[in-house]
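The values are calculated or read from the model by the stated rules, or taken from the named source; none is laboratory data. Quantities reported herein were computed from a predicted structural model and do not represent experimental measurements. Glycine gets a Cβ as well: all are built from the backbone with ideal geometry, and neighbour counts include every protein chain shown. Just the protein is used for accessible areas: all its heavy atoms, side chains included, with ligands, DNA and RNA removed. Shrake-Rupley method; radii C 1.70, N 1.55, O 1.52, S 1.80 Å.
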Amino acid sequence: MSTAHSQRAHSVTIWTLVSLIIGSTVGSGIFALPQNIASVASPGAMLIGWAIAGVGMLSIAFVFQILARRKPHLDSGVYSYVRAGLGDFIGFTSGWGYWLGSVMAQVGYATLFFGTLGHYLPFFDQDNPWVMALTVSVLTWGIFFALTRGVKQAALMNLVTTIAKLVPILAFIVLIAFIGFSWDKFTLDFWGENSGISLSDQIQGIMLFTVWVFIGIEGASVYSKQARSRQDVGRATVIGFLSVLGLLVAVSTLSYGVLTREELAALPDNSMGAVLEAAVGPWGGALISIGLCLSVLGAYISWQMLCAEPIVMMAADGLLPKRLAAKNEAGAPWMAQLVSTSVVQFFVILFFANETSYNAMVQLATIMYLLPYIFSALYLVLLAVRGKGLTHPHAGELFDDSGPAISSSDNRRHLAIGIVGFIYSMWLIYAADPVYVLFGALAVLPGLIPYLWTRIANKEKVFNTFEWVIVGLVIVGAIAAVVGLANGSLVLE
């Protein structure tokens with residue numbers, strides 16, 4: 001490799017890394033945050049919840065950064081770490097979960113987008129759910145046909161959407177801090193005693209919302225190979241993470257100083273716009289709404305394009321039928337995009353027919369995103385303890401367990417980070433409403449069909465002992481979800 005090429009390959013600066021982390025993490029969730037948090041927590045519980053989320057999500061970010069350093073040859077997305085460390089089926093389950101989370105997030109994005117438009121154009125308001133469903137469907141298939149022609153999201157759109165979401169967020173923080181914030185209102189029922197809900201239950205209630213707004217923090221590891229130095233990746237992760245955490249905490253905290261918790265909980269999905277409108281007038285709400293619409297529309301296009309990636313990767317790795325990785329003459333993975341778009345359409349009908357709220361979509365999607373978080377953290381623990389994961393007997397032919405030399409002090413630090421990340425991720429599952437966990441199991445179950453088909457066709461061993469345990473848990477959860485649906489005891493509200 002030439003010196004010039006090596007310099008180009010390691011040309012990403014620390015501040016570029018920071019901007020990439022912020023840009024990939026700050027999305028639609030922050031615009032709905034005031035209502036999301038207030039619906040379950042008081043100001044005091046909110047601050048404690050963010051402290052827990054800060055430590056937990058930073059550990060998750062470092063899990064992926066460390067794995068990128070220890071296993072630089074694994075470059076098939078976050079699911080590749082799980083597959084390498086815990087076998088084909090657990091890797092598939094993580095990839096499937098990440099894909100489904102992205103699909104469900106698409107419907108959530110669209111709901112937030114058209115719900116915001118409905119504030120100004122009654123045609124799209126909540127009283128016309130099937131109008132929204134039809135419009136979302138047209139938008140989704142329109143983007144699909146554009147993507148199959150090889151249309152990529154332009155750099156200009158990335159720039160516009162990044163500015164569109166950061167400018168109104170910063171304006172919100174400055175205007176509320178200097179004009180609209182009331183300390184008396186913020187401290188009113190600070191610990192939520194009047195709500196009759198215990199402090200621990202309030203903290204538990206906000207956990208999935210805090211994860212949702214951090215989705216994408218794992219993306220920092222993708223750029224580690226291009227960084228000028230490994231130290232820059234670690235510094236950028238901390239700086240970028242703290243910057244995002246600062247924005248989230250500021251938006252959450254300042255909102256409680258404008259409206260009471262009860263008033264915040266009753267706001268529409270674009271609650272940040274409603275809070276600023278209450279503080280400075282209609283123009284404030286319009287400013288946030290414009291930023292939200294541009295940001296969410298950009299995210300919708302980006303994520304619909306990225307939705308196909310897990311399918312393509314798993315098909316290329318032999319975990320799904322190879323034909324799903326097929327590309328057309330324009331170089332677009334049209335089959336994976338068709339499957340993803342069709343499933344988005346299914347969830348549009350399912351969610352709108354049941355009048356599922358944005359909050360429910362967010363929490364269900366977050367449960368699916370947690371799968372690769374949990375298993376990646378477990379893989380790091382296994383690497384630190386035994387130097388390798390738990391894989392199929394033939395996996396040594398596919399994965400190289402070697403990597404850069406790790407000092408004993410670094411290994412102890414990696415173990416501590418992996419343990420914190422694993423405990424935090426498992427606690428999130430515990431903290432979640434059981435409804436979302438059971439529906440998550442039900443959503444994973446259909447993936448067994450193409451997986452088993454592919455394993456049998458390739459004459460591969462289907463499951464090992466550890467995988468049979470996971471399959472059993474998924475089936476039990478799915479049965480419980482079906483029974484709950486049948487008797488009406490489980491409902492996505």
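A few remarks follow.
- Here Glu193 clears all of (1) open to solvent by less than 50 Å² (accessible area, probe 1.4 Å); (2) of a type in the set (D, E, K, R); (3) more than 30 Å from Ile66 (Cα to Cα) except the condition numbered (1).
- Only a single item in (1) closer than 29 Å to Ile217 by Cβ; (2) in contact (Cβ under 8 Å) with a residue 12 or more places away in the chain is not met by Val280, and it is number (1).
- Residue list for segment 356-392, filter: farther than 17 Å from Ile417 by Cα and crowded, with 24+ Cβ neighbours inside 10 Å: Val362, Gln363, Leu364, Ala365, Thr366, Ile367, Met368, Tyr369, Leu371
- In this entry, Val275 passes the filter for residues that are at pLDDT 95 or above and assigned to a helix (DSSP H, G or I).
- Only one of Val233, Val222 that is surrounded by 22 or more Cβ atoms within 10 Å (Cβ to Cβ), more than 24 Å from Leu33 (Cβ to Cβ) and at pLDDT below 80: Val233
- Residue within segment 254-261 that is of a type in the set (Gly, Ala, Ser) and either surrounded by fewer than 21 Cβ atoms within 10 Å (Cβ to Cβ) or modelled with pLDDT of 95 or more (or both) present: yes
- The sole residue among Ser24, Ser28, Ser39 that is open to solvent by less than 10 Å² (accessible area, probe 1.4 Å) and either acidic (Asp, Glu) or touching a residue at least 24 places away in the same chain (Cβ under 8 Å) (or both) is Ser28.
- The requirement of being closer than 30 Å to Glu460 by Cβ and touching a residue at least 40 places away in the same chain (Cβ under 8 Å) is not satisfied by Asn354.
- Failed criterion for Asp127 (all others in (1) open to solvent by 10 Å² or more (accessible area, probe 1.4 Å); (2) within 30 Å of Gly447 (Cα to Cα) hold): (2)
- Evaluation of Ile311 against the conditions (1) within 19 Å of the chain's Cα centre (by Cα); (2) open to solvent by 10 Å² or more (accessible area, probe 1.4 Å) shows that the sole unmet condition is (2).
- Residue within segment 111-121 that is of a type in the set (A, V, I, L, M, F, W, C), in a helix (DSSP H, G or I), open to solvent by less than 10 Å² (accessible area, probe 1.4 Å) and touching a residue at least 60 places away in the same chain (Cβ under 8 Å) present: yes
- Taken over segment 55-82, the residue count meeting the criterion of being more than 16 Å from Phe241 (Cα to Cα), open to solvent by less than 20 Å² (accessible area, probe 1.4 Å) and in a helix (DSSP H, G or I) is 6.
- Filter result (of a type in the set (A, V, I, L, M, F, W, C) and in contact with a helix residue (DSSP H, G or I) (Cβ under 6 Å, 6 or more places away or on another chain)) within segment 233-246: Val233, Ala236, Ile239, Phe241, Val244, Leu245
- When Val138 is tested against the conditions (1) within 17 Å of the chain's Cα centre (by Cα); (2) over 22 Å from Leu370 (Cβ atoms), the lone failure is (1).
- Just one of the listed residues (Ile90, Ile66) is β-branched (Val, Ile, Thr) and within 27 Å of Ala441 (Cα to Cα), namely Ile90.
- Verdict on Ala164 being open to solvent by less than 20 Å² (accessible area, probe 1.4 Å), outside any loop (DSSP other than H, G, I, E, B) and at pLDDT below 90: yes
- From the options Ile456, Ile449, Ile423, Ile429, residue that is open to solvent by 70 Å² or more (accessible area, probe 1.4 Å), within 19 Å of the chain's Cα centre (by Cα) and either aliphatic (A, V, I, L, M) or at positive phi (or both): Ile423
- Yes/no for Gly396 being at pLDDT below 80 and more than 20 Å from the chain's Cα centre (by Cα): yes
- Here segment 331-355 is the region considered, the condition is being over 22 Å from the mean Cα position of the chain (by Cα) and more than 21 Å from Val131 (Cα to Cα), and the residue that is most open to solvent (accessible area, probe 1.4 Å) is Trp334.
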